[in-house]
Structure formats: C-alpha cells, structure tokens
Amino acid sequence: MKKTFSLALLAMMAVGAQADDAAKNSNKPVFTIVKENPITSIKDQNRSGTCWDYSTISFFEAEILKATGKTYDLCESFVANKTYMDRAIQVVRYHGDCQFAQGGSAEDVLATMKRYGICPEDAMPFPGSLYGDSLNNFNEFFSLLEPYVAAVAKSSAKKISGQWKVGLQGILDAYLGQCPEEFVYEGKKYTPKTFVQSLGINLDDYVSITSYTHHPFYSTFAVEVQDNWRFPQSYNLPMDEMMQVIDNAVSQGYTIAWGGDVSEEGFTRQGLAYAVDDKAAQSLAGSDMARWLKLTSTKKRSIIDSLGCNVPEVVPTQQMRQDRFDNWELTDDHGMLIYGVAKDQNGKEYYMVKNSWGETGDYKGIWYMTKTFIAANTMDFLVNKNAIPKAIRKKLGI
C-alpha cells in the first residue's frame, strides 16, 4: 500500500512537472510524423569540417539499407584521406590559385567511392584515436596540412618532384589512419573496390539538384562555391520543382544528401530551423525593427526559441534565392541528411533531418527544418535519380 501510494505521488508530481513545462513552452512544436525513412545511427564529426563526409556517408548507408535491408557503418576517414590528397593535387596543379580547406561536397564522397572504393568503419582507426582524442579534432592536423600544401603550391621552383605527395600522405595517415588495401568483413576478404561493389547500389544512379536563375533551367552547371572544387554538374530546376523532388523522394522511401545554409538565426541549436521573417518576428517579440536589427545572433535565437512553432516565416521566391546567393547571404556551410516529414500542432510541415553533431539538441541529433527553410536555404543536394518525379526526369533528359 505504501509503495502504491508512493508511486501514485511520483506520477502526480511528474504530471505536474510536465504541465509546468508545457506552460513554459507553450510554443514548443509537438510533432506528428508523416513519413520517416530508415537511417543509420547518429555520428559526431566533432571538431572537423567534415559535415560533407558524414552527411553523404549517411546518405549512402540509407541507400544501401533501402536497397538491401542491410545496415553498414562506412568509414568517413577513408573518404577524407583520399579526398584531401586529391584536393591537394588540384591546388598544386593550379599553383595555389584555388582553395585547400577542410570543407567539401557530396560529390567528394561519390567520387571517392567510384575511384577508390570504401571500407567499413572498423577497417581504419577510430576517429581521433591516433592522437589521443575520442573524436575528430582537426586543429593540429590542418595547422600542419594547410601550410604544407601551400608551400608546395606556391613554390618558386621551375620543377617540383613527386616526393611532396609522399610527405603529405604521411600526414594524412598519421591523423586519419592508413587506408587499407584489403580487409576482412563478416568473414570475407575485400579490397575497397570489391567492397563498394558488394553494397547493392549503383553509383551511377546519383545526381545533384540545385535552383538558380543565372543558368538556364533544365540545364546543368557546377555550382560556384569554393568547396565544389571537383566541379560536379548539378541539374538546375525551378525552386518549386526542386522542392517536388525532395517531397517525392521522401514519399517514395528515399533520403537526400542536403547541402545549404545554416548560418541564419532561424537555425537553432535546439534542433529546429525556420526561415524567419525578421519584420514580423520583431513585432511579435515586442521590439521595434531598429532594436531587432541591433540584437546579437544569440539574443535573436533566444527570441525565436521562445516563439517556437509560432515563428513567422518569409515566403521564399526564386528571385530571393538568387539575390541571397549573389550577395553572399545564401552560403554553403553545412551538409545534413533529409529522411522524413513531420507536422507540428499547427499543421506546418517540417523535414526530419539527421545531423552529425552527436546526439545534441532537444531531439538527440535530429533537426526539424520547415519546408520553407529548406526552400530558402538549399544550395544543392544529392539524390537517387529514381526518386525524381517522371515528368521532371523527362524535362532533364535522365
């Protein structure tokens, strides 16, 4: 009896606490899942500029899961090792007149898998373990790598030897681990190339989509951002059709390797993202526009968090996307994985998006990003061409 009473009291206290939380957070979204496609576990890129690597590896893991029902943990370090060497070679060929940096694009993962293959996570050292860290930390790594590449690329010599590649490979292997030539997985021996061939996906099925007016629609072009250094071609669609591709992909069980801008105040660290209408938001927050514009990003985000699902959003347009791209407001600063759709208590639709910052935020590593936010802030994305609506595929000739 005493135990039953204690349990009842605890239950009442818990309900009371939840009621208090609900009162304090009356604007916090309450989500109902509309469509959720299978994905692999949340990873943590930690202190490394490798969102492009983690998000696209997650994409291919989801593609394999859809195609075969098998769950794989593919190796981001393998991709980074191969990609940074490839990028350094390009920088040297251009005599340093292009950027060498931690960032990249979804194309880097696709190109690596096509050219070199891939290996499972445990075929290489765990991230950070070679230098005594528990996760990736590229601070020391790139403080060595960047000046090394710059010294070669900007050399005044009339002829350079190929030994610089040997030295660079040593740095890559010291911090990322040496890429295996062969390994055993589930009792069978593979090379990276035979392993990628065993995964059950066709690497020629993947295309990049974007939406800008400075190139003709339904043509292809290389999106002009520095981390797009391999110059992959993206299919250029009107914004509405770009969004149709995402919606159709999710509804048909596919995921999307998304690249875009998360530097806006509407992208919160709690796991939400809104394309905030600043003029309307400042009014709801009880401040005039002049004061709103002077607030720090941290303060703006705090106000946005308090408004929650009632944050007013802009109506994105094709011209808005182009203007923001041309004036540097729309930047290419993060890669994530879109894998589902949910609605809040007001009926607003959000994409469910897997991040690579560990199990952070209110949703343990998942972000809920409104469709408006994605329409306004997408740079480009990688998707299976079979996920594109047939009418759009016909226009693109694929």
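Ser198 - would you say it is under 29 Å from Ser234 (Cα atoms), in contact with a Pro (Cβ under 9 Å, 6 or more places away or on another chain) and at pLDDT 95 or above?
Working: under 29 Å from Ser234 (Cα atoms): yes; in contact with a Pro (Cβ under 9 Å, 6 or more places away or on another chain): no; at pLDDT 95 or above: yes.
It is false that Ser198 is under 29 Å from Ser234 (Cα atoms), in contact with a Pro (Cβ under 9 Å, 6 or more places away or on another chain) and at pLDDT 95 or above.
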Worksheet item: Somewhere in region 197-217, is a residue over 30 Å from Ala375 (Cα atoms), touching a residue at least 60 places away in the same chain (Cβ under 8 Å) and open to solvent by less than 60 Å² (accessible area, probe 1.4 Å)?
Response: yes
Practice prompt. Scan region 152-160 and give yes if some residue there is at pLDDT 95 or above and either under 16 Å from Ala106 (Cβ atoms) or in a helix (DSSP H, G or I) (or both), otherwise no.
Written response: yes
Worksheet entry | Flag for Lys188 being basic (Lys, Arg) and in contact (Cβ under 8 Å) with a residue 24 or more places away in the chain | no
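Would you confirm whether or not region 95-109 contains a residue that is among the hydroxyl-bearing types (Ser, Thr, Tyr) and more than 22 Å from the chain's Cα centre (by Cα)?
Initially, region 95-109 is screened for residues among the hydroxyl-bearing types (Ser, Thr, Tyr), giving 105.
Narrowing the set further to residues that are more than 22 Å from the chain's Cα centre (by Cα) leaves none.
No, because not a single residue in region 95-109 is among the hydroxyl-bearing types (Ser, Thr, Tyr) and more than 22 Å from the chain's Cα centre (by Cα).
Would you confirm whether any residue within region 312-324 is touching a Cys at 6+ places or on another chain (Cβ under 8 Å), of a type outside the set (D, E, K, R) and buried (at least 19 other Cβ atoms within 10 Å of the Cβ)?
Of the residues in region 312-324, the ones touching a Cys at 6+ places or on another chain (Cβ under 8 Å) are none.
Taking every residue of region 312-324 in turn, none turns out to be touching a Cys at 6+ places or on another chain (Cβ under 8 Å), of a type outside the set (D, E, K, R) and buried (at least 19 other Cβ atoms within 10 Å of the Cβ).
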Discussion item. I'd like to check something: does region 336-353 contain any residue that is part of a helix (DSSP H, G or I) and either of a type in the set (S, T, N, Q) or open to solvent by less than 30 Å² (accessible area, probe 1.4 Å) (or both)?
Written reply: no
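Residue by residue through region 354-398, note down the ones that are among the basic types (Lys, Arg) and surrounded by fewer than 23 Cβ atoms within 10 Å (Cβ to Cβ).
Taking region 354-398 first, the residues among the basic types (Lys, Arg) are 354, 364, 371, 385, 390, 393-395.
Lys364, Lys371, Lys385, Lys390, Arg393, Lys394, Lys395, listed by residue number.
Applying the selection to region 299-332, what residues are acidic (Asp, Glu), under 13 Å from Ala273 (Cβ atoms) and out of contact with any strand residue (DSSP E or B) (no Cβ under 7 Å at 6 or more places or on another chain)? Break it down stepwise before answering.
At the first step, the residues of region 299-332 found to be acidic (Asp, Glu) are 305, 313, 323, 326, 329, 332.
Within this subset, residues satisfying the condition of being under 13 Å from Ala273 (Cβ atoms) are 305, 313.
Residue satisfying the conditions is Asp305 alone.
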Discussion item. Looking at (1) part of a loop (DSSP other than H, G, I, E, B); (2) of a type in the set (Val, Ile, Thr); (3) touching a Phe, Trp or Tyr at 6+ places or on another chain (Cβ under 7 Å), which one does Val149 not meet, given that it meets all the others?
Written reply: (1)
Worksheet item: Which members of region 140-167 meet the condition of being open to solvent by less than 30 Å² (accessible area, probe 1.4 Å) and within 18 Å of Ser48 (Cβ to Cβ)?
Response: Phe141, Phe142, Leu145, Val149
Item to complete: Considering every residue within region 129-139, establish whether at least one is surrounded by fewer than 16 Cβ atoms within 10 Å (Cβ to Cβ), under 20 Å from the mean Cα position of the chain (by Cα) and at negative phi.
Response: yes
Worksheet item: Among (1) β-branched (Val, Ile, Thr); (2) closer than 22 Å to Leu74 by Cβ; (3) open to solvent by less than 80 Å² (accessible area, probe 1.4 Å), where does Ile171 come up short?
Response: (2)
Discussion item. Which numbered condition in (1) crowded, with 18+ Cβ neighbours inside 10 Å; (2) among the charged types (D, E, K, R); (3) in a strand (DSSP E or B) is the only one that Lys189 fails?
Written reply: (1)
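Considering only region 42-127, give the helices (runs of 4 or more DSSP H) lying wholly within it that have at least 2 residues that are of a type in the set (Ser, Thr, Tyr) and buried (at least 23 other Cβ atoms within 10 Å of the Cβ).
Of the helices (runs of 4 or more DSSP H) lying wholly inside region 42-127, those with at least 2 residues that are of a type in the set (Ser, Thr, Tyr) and buried (at least 23 other Cβ atoms within 10 Å of the Cβ) span 51-68, 76-93.
The values are calculated or read from the model by the stated rules, or taken from the named source; none is laboratory data. What you see is a predicted model, and the numbers here were worked out from it, not measured in a lab. In this analysis, Cβ positions are derived from the backbone assuming ideal geometry, glycine residues included, and neighbour counts consider all displayed protein chains. The protein model used for the area step is the full one, side chains on, heavy atoms only, and it has no ligands, DNA or RNA in it. Shrake-Rupley method; radii C 1.70, N 1.55, O 1.52, S 1.80 Å.
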